[in-house]
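We did not get these values from a lab; they are worked out from the coordinates using the rules stated. What you are looking at is a predicted structure, and each value in this text was computed from that prediction instead of being measured. Here Cβ is always computed from backbone atoms with ideal geometry, including for glycine, and neighbour counts include all displayed protein chains.
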Amino acid sequence: MPARAARTSGPHHQQGAAALLLILTMIVILTVVLAPRLTLWQVHNAAAGRGYQTLLAAKAAILAHAANPGADANPPVPPRRLGQISLTPDLPVLAGSGYDGMSKPGCATRTWAPGQALIDPNTYATPLDVRCFGRFPWLSFGLAGPSTPDDQLGEVPWIFMSANLVVGSGCLANLNPLMLSSAYTGGCTTKVPFPWLRVVDARGNLLSSEVAIVLILPGPPVQNGQTRSAPIDHAPAAYLEGLTVAAGCPTPCIPGTYNNAAYTVASGLNWTFIDAPASTSLSPPPSYYATPFQFNDHLIYITASEYFEAMEQRARLAVLHTLIAFRAANGYLPYAGDYPSTPLSSSCALGLHPRLGLLPQDVSCGGTLNYDAWLTVTAAGWGNYFIYAVDPGCTKGSPPATRCLAPTLAVGAQRYNAVLFSPGRAIQSAPYASKGSPQAPLGSGLLNDFLDSASNLAGPPFDAAGTPLTANYDDRMYGIP
């Protein structure tokens, strides 16, 4: 068989080989140039993801603590109330000490310095100077701690909270949504003893002026001055940053300097935090930021409304459990608290046996109600918040033979022997609720300061459970068999 002749390369094959070589060369070049940046981008986003999970874990832990005062391993004296936080932040409160992950009782002030003792906000004379902040007490909450003693990588969140969440009943009577109907006036025994916190967006625009808790994950150092070794690392500025929104920024914006580490803000000024994107070497900073722009704080926050909504869910479940247990023990449900009376009463001492009023608390309402200690009127004031309606046919005065057998309280199409109302936040701006003017539930003897619709005030039938919430309606109804 004749040998096959070898094929020589023509011009087209040479051009194809050259093109392939060029492509391979470009891939190698791009790999060498971009690989470090791609790696940094991937690491940054992976770290941001882990950081967000860390913040969420801290948020879940603080809410679980606030909502479960009965679960304290070492109950404080007096016992903690629903919504009250006793595991306050971690700060170096002794000379030469650092952060150890443990809660330190009390709060700092705007003049506090590392190594100084904390104050008791229940007795401190200048409420505007109180600053409840520090590293998240991860060890007290049983969460993961930093990988290095000085937290070089900024893995432990910092927490800032309004002192309203820390003080006891002697300072703040109603630690519940009722306090949201009042503005800050200042000082213990007032309706809002301490200011709420403020959070603004990346251009300084207000996100909320009624923030209960701010959590910030510092991340690695971004400034030469952020030396994270003792004693420099004792100050918040070693971990947290600020930025300046320059004049001439695109509207809407509010020019100014915002610093997450500045707990020393002057007395009477709002304690403000900024939620902004992190600086990066991969792109220039926004044109409306003053340079140098060095910032990598990751922030989440809980408004006072969100905080009390979480606490209300816990309180409501406990109330429903108590009422159902009362019926199981007695064969009927208690009367509602005295109405009319000013303020509304949780007692039934007037003997009127009303069908609609505050939660019953006294034995005069048909028997002993075994509420959890943290739920009573004298604890966090939840007995002053919920409204309770009961069918007369399921009370102590009804005939035993037919008692509770034919419920008449209609919530939409359903009928119940009792209904629990969560009145929500007071409606204080137009369009008003059925009252026609701002609601003021604290100390009121009027049900229209609590309930929003004419049907809920005059019912049954009451509004259906799940009725959409609007600007002038936030009642929620829960039926009790």
Order 325-331, 311-317, 175-181 from most to least packed using the mean count of other Cβ atoms within 10 Å. 175-181, 311-317, 325-331
Note: residue 283 to residue 251 extended length (0.36 nm per residue) minus current alpha-carbon separation gives 9.3 nm
In degrees, nearest ten, helix 11-67 long axis to first principal axis of the chain (Cα): 20 degrees
Calc'd 3J(HN,Hα), region 169-182, phi into Karplus 6.51 cos²θ - 1.76 cosθ + 1.60 (θ = phi - 60°), Hz, glycine/Pro = x, comes to 5, x, 9, 9, 6, 10, 8, 7, x, 4, 6, 6, 8, 10
Calculated FRET efficiency, residue 309 and residue 77, Cβ-Cβ r, R0 51 Å, to nearest 0.05? 0.95
Fraction in percent of alpha-carbon pairs per bin - 10 Å, region 265-351: 12, 19, 22, 13, 13, 12, 9, 1
Sequence-distant residues sharing a close amide H with residue 261 (under 5 Å, placed H): 241
Determine the gain in length on full extension of the stretch residue 207-residue 100; use 0.36 nm per residue of separation and subtract their C-alpha separation, reporting nm with one decimal. 35.2 nm
Among 211-219, 421-429, 193-201, 345-353, how do they line up by average Cβ neighbours within 10 Å per residue, starting with the highest? 211-219, 193-201, 421-429, 345-353
Region 274-291 to region 77-136: how many Å between their Cα centroids? 33 Å
Counting helices only, and only those DSSP H runs with n ≥ 4, report the 222 nm mean residue ellipticity of the chain as the sum of -39,500 (n - 2.57) divided by its residues, in deg cm²/dmol to the nearest 500. -7000 deg cm²/dmol
If you count the DSSP beta bridges with both ends in the chain, what percent of them are antiparallel, to the nearest 5? 90 percent
Compute the acute angle (0 to 90°) between the alpha-carbon long axis of helix 304-330 and the principal axis of greatest extent of the alpha-carbon atoms of the chain; round to the nearest 10°. 40 degrees
All Cα pairs of region 308-480, percent lying beyond 19 Å: 54 percent
Expected sort for 379-387, 150-158 on mean C-beta neighbours within 10 Å, highest first, is 379-387, 150-158
Potential extension, residue 328-residue 126 segment - 0.36 nm per residue separation minus Cα distance: 67.8 nm
Between residue 430 and residue 454, what FRET efficiency follows from the Cβ-Cβ distance if R0 is 22 Å, with the result rounded to 0.05? 0.80
Would you indicate which of (1) 86, 48, 44; (2) 144, 64, 49; (3) 115, 77, 47 is the value of Cα extents along the principal axes in Å derived from the coordinates of this structure? (3)
Using alpha carbon centroids, what distance separates region 304-375 and region 378-429, in Å? 9 Å
Of the candidates 97, 117, 60, the farthest towards the positive dipole end of region 39-165 (Lys/Arg Cβ +1, Asp/Glu Cβ -1, centred on the Cα centre) is 60
